[in-house]
Amino acid sequence: GAVVSQHPSWVICKSGTSVKIECRSLDFQATTMFWYRQFPKQSLMLMATSNEGSKATYEQGVEKDKFLINHASLTLSTLTVTSAHPEDSSFYICSANHDGRPSYEQYFGPGTRLTVT
Amino acid sequence: GQQVMQIPQYQHVQEGEDFTTYCNSSTTLSNIQWYKQRPGGHPVFLIQLVKSGEVKKQKRLTFQFGEAKKNSSLHITATQTTDVGTYFCAVKFKAAGNKLTFGGGTRVLVKP
């Protein structure tokens, strides 16, 4: 299999606080992981590409100081939304490339629904 | 940036009927992927198409890659309530490395 988990599955936080979301590949190693954001009834928008042991590559328009990504091991990447505001409320989904399989296939986590009040 | 257009945005289908969703790009693609996302769920990989004119089938789902490798289609026959969800195509543009660009998705609702 190729299972990706995310924690938490949902979180409610107050405006101005920070929230950390974890993405784990449970049964495989993933040098590369991706973070997406999905607003209701919209498509997935890539935020950044996370590579183990190096700095993440952010997409145009995504603030790297606001969305901190850490990929410290081959099975874990974290996304921290700093000083969250209501407009950051969204569904955050991570995906991972399986190191032992073709890179064209991405395995998605179940997502984390963030609500900022 | 480069985009991939998907139509229709919504598809209301009577149970038992067929429907098709289309994905179009202005540039030639090296490959295209299709994902399904159930309501409240996450995208699940369905298939990848690589060759010009390629046709692949998964039970009631037929995927096709255009001859020019600029478009693709997903055709579902005898729609069932389990087909409810959003179907996304996703592509990797040459200059974008390993990144996937998703189409807008086709949201499918099935009327029993």
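The values are calculated or read from the model by the stated rules, or taken from the named source; none is laboratory data. In this text, all values refer to a predicted model and were calculated from it rather than measured experimentally. Ideal geometry is used to build each Cβ from the backbone, glycine not excepted, and the neighbour counts take in all protein chains shown.
Can you spot a residue in the range A:58-66 that is farther than 28 Å from B:GLN6 by Cα, assigned to a strand (DSSP E or B) and of a type in the set (Ser, Thr, Tyr)? No, the conditions are met nowhere in the range A:58-66. Contact map, the range B:40-66: residues that are part of a strand (DSSP E or B) and among the hydrophobic types (A, V, I, L, M, F, W, C) paired with residues that are at pLDDT 95 or above and surrounded by fewer than 17 Cβ atoms within 10 Å (Cβ to Cβ), Cβ distance under 6 Å, separation 6+ or inter-chain. Pairs shown: B:ILE47/B:LYS56; B:PHE63/B:LYS56. Taking the range A:67-84 as the range and being under 18 Å from A:VAL11 (Cα atoms) and in contact with an Asp or Glu (Cβ under 6 Å, 6 or more places away or on another chain) as the test, the residues that pass are A:THR78, A:VAL81. Just so you know, in the range A:3-23 the residues that are of a type in the set (A, V, I, L, M) and over 19 Å from A:SER89 (Cβ atoms) include one that is surrounded by the fewest Cβ atoms within 10 Å (Cβ to Cβ), and it is A:VAL3. Going by the conditions given, is A:LEU68 modelled with pLDDT of 95 or more and aliphatic (A, V, I, L, M)? The answer is yes for A:LEU68. Restricting attention to the range A:24-45, the residues that are in contact with a Leu (Cβ under 7 Å, 6 or more places away or on another chain) and either of a type outside the set (Val, Ile, Thr) or crowded, with 18+ Cβ neighbours inside 10 Å (or both) add up to 7. A:ILE69 falls short of the stated requirement of being in contact with a Ser or Thr (Cβ under 6 Å, 6 or more places away or on another chain), within 14 Å of another protein chain (Cβ to nearest Cβ) and of a type in the set (Val, Ile, Thr). In this structure, B:THR27 does not satisfy being surrounded by 19 or more Cβ atoms within 10 Å (Cβ to Cβ), touching a residue at least 12 places away in the same chain (Cβ under 8 Å), more than 23 Å from A:CYS94 (Cβ to Cβ) and not hydrophobic (A, V, I, L, M, F, W, C). For beta carbons closer than 6 Å, sequence separation of 6+ or different chains, a first residue in the range B:86-106 that is more than 9 Å from every other protein chain (Cβ to nearest Cβ) and in a strand (DSSP E or B) and a second that is aromatic (Phe, Trp, Tyr) and buried (at least 23 other Cβ atoms within 10 Å of the Cβ), the qualifying pairs are B:CYS89/B:TRP34; B:THR106/B:TYR87.
Quick one: is B:ARG60 within 14 Å of chain A (Cβ to nearest Cβ) and over 10 Å from the mean Cα position of the chain (by Cα)? Spelling it out, it is not the case that B:ARG60 is within 14 Å of chain A (Cβ to nearest Cβ) and over 10 Å from the mean Cα position of the chain (by Cα). Only one of the numbered conditions (1) over 20 Å from A:GLY109 (Cα atoms); (2) in contact (Cβ under 8 Å) with a residue 60 or more places away in the chain; (3) not in a loop (DSSP other than H, G, I, E, B) is violated by B:GLU17, and that is (3). Among the residues of the range A:67-92, those identified as assigned to a strand (DSSP E or B), among the polar types (S, T, N, Q) and more than 15 Å from A:ASN51 (Cβ to Cβ) are A:THR80, A:SER90. Scanning the range B:30-39 for residues that are more than 9 Å from chain A (Cβ to nearest Cβ) and assigned to a loop (DSSP other than H, G, I, E, B), we see that the one that is nearest to the chain's Cα centre (by Cα) is B:ARG38.
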